[in-house]
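One structure is given here, and the rest of the page talks about it.
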């Protein structure tokens, strides 16, 4: 089979350019992160990572992420089920609305939460009177993290569930299945990998969110610093190696995310050939 | 007739019975979430803006330093998006059309910018391209300064939005049947002509969508940029940073005014991309969008 | 169990009516085909009977299974078997699990023991001759096998009503023929009431006790295959059930003229449109005194019991099709490009609104 661009010279040239550019713009930064983190040896890296403030930042980041994932999961599944299985007025609008967090600058996202729940906002004022502080504390960080990660699960599920259609579910209904049984036995097995990937993406973004979190965090060391904020602080303090130690941890998570994606894709591709 | 139309307009007629279960539950969860998480916070912005007169509002958003930040942001985002259009098209092409060692790795690497926290990308790029960094040390003698200039902003924007073009063009290219190439070649088209006249028109909608998404993302990017930008007033300040600066000065009204401009622009762009996408889906699949 | 529909109508939004108010009765144990072109409303009607779609509330139609009014009963509780057009098998389950699904989701009180489920599933798989494939996944089966699994799955709950949506649509001709015969046998053996949708006239006529011909959301006629073919209720049914040749012209002084074509008739003066089946056209080397219909042979297909000949002429709006016996074909020595004359044996007429008018043999044939 002969196709456009198959001439050996074109082929080799394009592959070479692609590899060069990818190496320069993607691989080199990745290598640089670890090179910087270990610039002063493994011992220094370890000291940086096991530093109290770093551990506190890791703890807060994990805590926020663990709370974010189930909330986004329930919302994502419900929304995907709603817009792919039913026709109702406003369906298209709802689908557009969930893209808002993708389009809105994270700083703006943080700002609108600060305005509403901060001391001067109409809810924040009431909360303040009752001595409840959401902003500049972990609940605020959780809220903006949920905002920025909310589309991921739904965005993974909707195209898949649309492509699969509702025929299998209809068949299950004619056979007497209802509610939870139907979802668990027919829908879930068909969407589980997409669901897992949605969760992995949610996880990556929740851990790494910077702009929105930096607006509502208040940046109190050891208390409201997530890992990305912590590394920013270190970087501003000219503690480059320390900053990159935290960066390396986050980069490891990114590598895990990429590996998981590749693994899931490989799995799906294999499934299409034979289940 | 009008009676029937009126009944149709009701979203949930009392006796409606849906075949699949869970309509009420999923609608309830979705609407609650969208209202509380996505829409309610917007009222905070509206409330803050109500305190401003039109003249005050205009003074804030048309302040010369803020206007300079629009220029920097839009200009750099446009350059980043265009660079990504070319880069993404090349990557998608190479990944779909050719087989070579390391292809799987390259494919996986494409998603790195989405998986890597933006702050990590920011300090890494800043370190690499600073005068004493690996790349900066090579470029600076040539008179090319990237870090702390406008070029650095565009670079950071381009890095964080790499996957958009690749991942929108790739599936379209994969779905393209070999007959299209073969038809073009039997009609005498060479590589360049065949690509430009036959393949590119196929990829065009996806390419535009991907580039549009990359542009929108670049406009809003913050974490990756502030480390490399230098943040000099009038020169290397992006609009997101202006909002951040106003907030640190406790100028909530100023921050809100600028944020409202950013928000309006990005929502308008999002809508435009959605409409554009809907149109080309209708064109390809006939009638229904 | 009998099925009775009265005043079942359906429209979608402002897009218009998918189904005009329809009345239909299917007797217990009957096998009825719903036949029509795409967009005629046949699938909508089937899905309404199943409970997968809701009929309009205005007019307030009713659906009765025997004496039970199921109009407001959820599909889950209607106890029907439904076979989907593209099988809709659960792709992540084995053949066994697919067939067992309906039994395993029964409420605990009614659910058979796992041993009994196993026995019942194997009995069904035996019936559809797939017991060797129990542990396979749907993607590992051929289309015909998947359709049989789908049928076994629908029959697992022993429904008294079986509904099939284009059951053989996606299969190739030979498998289709086989499955048809087999479905008919199964139907007669188990005695359920069946309703199936098809756009294939041959399939409908061959398989059904009665066929309902549908177009534009209406049932045009419901009758036995024989009655449909020989006594069509209107032009649509006539034209839909088989190939038709048209002869349209002006009648003056007992002669119908259409360009170079002339046919002597006893029809009243004025414009006339005659319809002829391919077997109602005879071919001759010379015109008869009654009929002068010159035509050129454009294609000949001598495969099958009869020879199909395609004819073209300036006076035809569309090419004609004639079928003749092999003996006649050989006698005439037909080749492509040959000029000859068509002679109608008989023809059919319909009024402007599509009602049939007494069909009369052409004079030439009578002579």
Tell me which of these residue B:47 doesn't satisfy, since it passes every other one: (1) within 24 Å of the chain's Cα centre (by Cα); (2) free of Cβ contacts under 8 Å to residues at least 12 places away in the same chain. (1)
Screening A:251, A:245 for residues that are at the interface with chain B (Cβ under 9 Å from one of its Cβ atoms) and either crowded, with 21+ Cβ neighbours inside 10 Å or assigned to a loop (DSSP other than H, G, I, E, B) (or both) leaves only A:251
State whether one or more residues within the stretch A:131-152 are surrounded by fewer than 22 Cβ atoms within 10 Å (Cβ to Cβ), more than 24 Å from residue A:59 (Cα to Cα) and in the same structural domain as residue A:223 (by TED's automatic domain parsing). yes
If a residue must be part of a strand (DSSP E or B) and more than 8 Å from every other protein chain (Cβ to nearest Cβ), how many such residues does the stretch C:46-84 contain? 7
When you check residue A:114 against the structure, is it buried (at least 24 other Cβ atoms within 10 Å of the Cβ), at negative phi and under 24 Å from the mean Cα position of the chain (by Cα), yes or no? yes
Residue check: is residue B:146 over 24 Å from the mean Cα position of the chain (by Cα), touching a residue at least 12 places away in the same chain (Cβ under 8 Å) and either part of a helix (DSSP H, G or I) or more than 8 Å from chain A (Cβ to nearest Cβ) (or both)? no
Only residues that are within 15 Å of residue A:161 (Cα to Cα), part of a helix (DSSP H, G or I) and more than 7 Å from chain B (Cβ to nearest Cβ): list them for the stretch A:68-90, please. A:76, A:77, A:80, A:83, A:84
Test result for residue B:135, closer than 20 Å to residue A:16 by Cβ, modelled with pLDDT under 95 and crowded, with 16+ Cβ neighbours inside 10 Å: yes
If I go through the stretch C:24-45 residue by residue, how many of them are touching a residue at least 24 places away in the same chain (Cβ under 8 Å) and in a strand (DSSP E or B)? 7
Would you check if residue A:114 is at pLDDT 95 or above, more than 7 Å from every other protein chain (Cβ to nearest Cβ) and part of a helix (DSSP H, G or I)? no
Breaking point among (1) under 26 Å from residue A:35 (Cα atoms); (2) without any contact (Cβ under 8 Å) to a residue 60 or more places away in the chain; (3) crowded, with 24+ Cβ neighbours inside 10 Å, for residue A:174: (1)
Looking only at the stretch C:13-29, and only at residues there that are surrounded by fewer than 21 Cβ atoms within 10 Å (Cβ to Cβ) and in contact with a helix residue (DSSP H, G or I) (Cβ under 9 Å, 6 or more places away or on another chain), the one that is farthest from residue C:164 (Cα to Cα): C:14
If residue A:259 satisfies all but one of (1) over 17 Å from the mean Cα position of the chain (by Cα); (2) within 9 Å of another protein chain (Cβ to nearest Cβ); (3) over 16 Å from residue A:36 (Cβ atoms), what's the number of the condition it fails? (1)
So, of the residues in the stretch B:115-132 that are under 23 Å from the mean Cα position of the chain (by Cα) and without any contact (Cβ under 8 Å) to a residue 60 or more places away in the chain, which turns out to be surrounded by the most Cβ atoms within 10 Å (Cβ to Cβ)? B:120
Any idea which of C:158, C:184, C:136 is in the same structural domain as residue C:95 (by TED's automatic domain parsing), assigned to a helix (DSSP H, G or I) and either surrounded by 16 or more Cβ atoms within 10 Å (Cβ to Cβ) or in contact with a helix residue (DSSP H, G or I) (Cβ under 9 Å, 6 or more places away or on another chain) (or both)? C:184
Residue A:17 vs. criteria within 11 Å of chain B (Cβ to nearest Cβ), over 23 Å from residue A:247 (Cα atoms), surrounded by fewer than 21 Cβ atoms within 10 Å (Cβ to Cβ) and more than 25 Å from the chain's Cα centre (by Cα): yes
Yes/no for residue B:126 being more than 10 Å from chain A (Cβ to nearest Cβ) and out of contact with any strand residue (DSSP E or B) (no Cβ under 8 Å at 6 or more places or on another chain): no
Restricting to helices (runs of 4 or more DSSP H) lying wholly in the stretch A:124-234: which have 1 or more residues that are more than 10 Å from chain B (Cβ to nearest Cβ)? A:138-149, A:151-164, A:167-174, A:188-208, A:211-217
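The values are calculated or read from the model by the stated rules, or taken from the named source; none is laboratory data. In this text, all values refer to a predicted model and were calculated from it rather than measured experimentally. All Cβ positions, even for glycine, are placed from backbone atoms using ideal geometry, and neighbour counts span all protein chains on display.
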